[in-house]
């Protein structure tokens with residue numbers, strides 16, 4: 001499919017409704033035109049023009065790296081958090097994903113309008129080959145469904161606009177559709193997309209939607225509709241529908257060559273592998289780069305970065321042992337002192353702790369130190385006592401890890417919105433809820449085998465799940481560690497109505513214990529951990545911290561809350577957010593139940 005032909009795209013004349021209209025009459029957020037004339041295709045017979053329009057739509061719609069400290073990346077797994085969410089002070093105007101205004105980039109109905117225009121334009125095309133039209137339409141169906149899904153999982157039912165509207169006042173006054181109607185339309189769009197899209201893309205087109213991606217997104221959407229967030233009374237037919245959708249996605253992706261890659265630690269460091277189902281592509285250019293790595297690395301290996309994406313003690317505790325058993329199990333072999341020993345291998349791939357071997361910047365023998373007073377780091381950037389390995393490319397130098405919006409750089413790491421492991425765990429959850437515990441375990445077993453968990457005497461730890469309820473707990477924990485630091489924890493807790501599981505975020509810090517001291521010095525009787533000795537080594541680097549007597553003689557741990565005097569208080573109304581004022585200014589649009597003036601039931 002051609003996407004790179006240059007063509008001037010001109011404005012189809014149509015005016016915006018006046019921004020000076022009284023607030024109670026504003027409906028212009030459903031009818032957004034481009035005032036600069038660069039976002040409207042002049043001819044739906046020109047594949048190059050349509051390709052440019054499509055590229056821009058991908059750029060607007062496809063999910064990006066989660067916002068550090070954003071509401072939708074807030075849970076108990078990171079130091080960065082939105083405290084208004086954690087402490088229960090969000091208001092009706094706080095969650096503005098749907099719109100903050102009526103500009104092209106500030107309103108998601110602009111994205112929906114783009115898709116509607118394209119679908120209508122392609123339907124009316126007289127000269128484009130049918131195969132070309134279908135492949136283009138399939139992508140616009142996928143992007144429209146993606147946009148609606150992102151809204152529905154936050155707000156429940158939203159106004160359902162399926163055509164490019166005119167300027168008629170009645171056309172612009174659209175009430176909220178039922179959540180069930182939105183989910184049904186998302187499924188219909190994704191079925192259409194799957195029918196039109198290829199199995200895979202190649203070359204520069206890798207990253208576009210495939211038929212498997214469309215079915216996987218449908219499975220995810222139906223899983224949300226079946227889950228307690230929108231299904232508090234546990235209507236069984238929703239789980240049956242979700243299972244069918246997730247199974248279709250799993251079977252299609254498997255047939256199309258998708259699957260788990262061999263090494264869990266390679267998921268983000270390598271690109272375009274078979275586990276990637278939905279992705280937003282990045283690179284090291286000035287326009288498509290990311291500074292993610294620079295702000296994630298420890299201070300000692302950055303260029304004025306670090307301090308973000310630090311795992312909490314809460315997340316560290318969530319990892320089971322390498323036999324799959326939770327640390328609370330008497331047969332797990334867990335040591336609360338040497339907490340890093342014999343953990344699920346995903347722990348070592350994700351968490352950097354005090355004394356951990358982490359070969360950043362190509363330094364094969366480099367160890368990460370986080371004890372109080374260590375000279376390599378700065379106190380202000382050691383928040384939790386841990387750092388995140390998964391989102392860092394160890395081969396890059398600090399200079400290479402830095403992204404500059406004027407010159408580019410950074411690691412160019414792609415954001416994987418959905419990978420095959422999620423498709424597997426989505427299906428596993430559906431199997432569990434429909435009474436098929438054996439099939440549910442089979443899929444988790446494959447995920448754990450890839451991770452390197454040992455079978456042992458406890459079936460990769462799956463023996464602890466003996467019924468629907470215990471398997472639910474296992475699956476929620478499995479998702480927490482499999483998708484650690486991928487921005488999924490917040491959405492999983494909302495989807496399963498488990499926000500009450502979020503407790504105060506904790507740090508785990510260690511301080512040197514006399515005669516060991518941080519820094520350097522000459523005081524007799526002291527051993528300075530940061531100072532080279534006569535053999536050219538620092539005392540810390542030759543210590544065997546896996547020996548419990550050595551470790552306890554050198555360090556004293558302290559667990560502390562990151563919340564200060566604040567108390568975690570997440571009300572139930574956060575399971576379905578309020579629409580911001582821009583939308584509730586229209587009389588026919590109801591506010592969500594549970595919020596001020598709310599009369600809309602999101603569970604229908």
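Read the figures in this text as sums done on the coordinates, not as results from a lab. The shown structure was predicted, so the numbers you read here are calculated from the model rather than taken from an experiment. Note that each Cβ is placed from the backbone with ideal geometry, even for glycine, and that neighbours are counted across all protein chains shown.
A few notes on this one:
- Between residue 83 and residue 559, the contour length at 0.36 nm per residue exceeds the alpha carbon distance by 169.3 nm.
- Label-to-label distance for residue 379 and residue 97 is 3.9 nm, based on points extended 7 Å past Cα in the beta-carbon direction.
- Counting DSSP beta bridges with both ends in the chain, the antiparallel % (nearest 5): 80
- Once you reduce segment 451-488 and segment 232-255 to the center of their Cα atoms, the two points are 20 Å from each other.
- Cβ-derived FRET efficiency at R0 35 Å, residue 105 paired with residue 572, nearest 0.05: 0.60
- Annotation: extensible slack from residue 331 through residue 188 equals 46.7 nm (criterion: 0.36 nm per residue apart, minus Cα-Cα distance).
- As a proxy for reagent exposure, ranking 233, 584 by other Cβ atoms within 10 Å from fewest up yields 233, 584.
- Euclidean distance of C-alpha centroids, segment 318-340 and segment 87-154, integer Å: 45
- Taking other C-beta atoms within 10 angstrom as a stand-in for reagent exposure, 601, 189, 287 fall in the order 287, 601, 189, fewest first.
- Ranked by the mean number of other Cβ atoms within 10 Å of their residues, highest first, the peptides 138-146, 401-409 come out as 138-146, 401-409.
- Order by protection proxy (mean Cβ within 10 Å, highest first), peptides 67-77, 467-477: 67-77, 467-477
- Label-point gap, in nm, between residue 288 and residue 64 - each point 7 angstrom along Cα→Cβ: 1.5
- Peptides 429-442, 361-374 ordered by average Cβ neighbours within 10 Å, highest first: 429-442, 361-374
- If you plug the beta carbon distance of residue 604 and residue 201 into 1/(1 + (r/R0)^6) with R0 = 51 Å, you get a FRET efficiency near 0.85.
- Counting only alpha carbon atoms, the long axis of helix 211-226 and the longest principal axis of the chain meet at about 80°.
- Remark: 98, 559 ranked as 559, 98, counting other beta-carbon atoms within 10 Å and listing the fewest first.
- Inter-probe distance in nm under a simple model that places probes 7 Å from Cα toward Cβ, at residue 405 and residue 317: 3.9
- Stretchable slack from residue 457 to residue 359, in nm (0.36 nm times residue separation minus alpha-carbon distance): 31.9 nm
- Note on residue 281/residue 522: beta-carbon distance plugged into 1/(1 + (r/R0)^6) with R0 of 45 Å gives a FRET efficiency of 0.25.
- Angle between the chain longest axis and helix 130-155 axis [Cα atoms, degrees, rounded to 10]: 60
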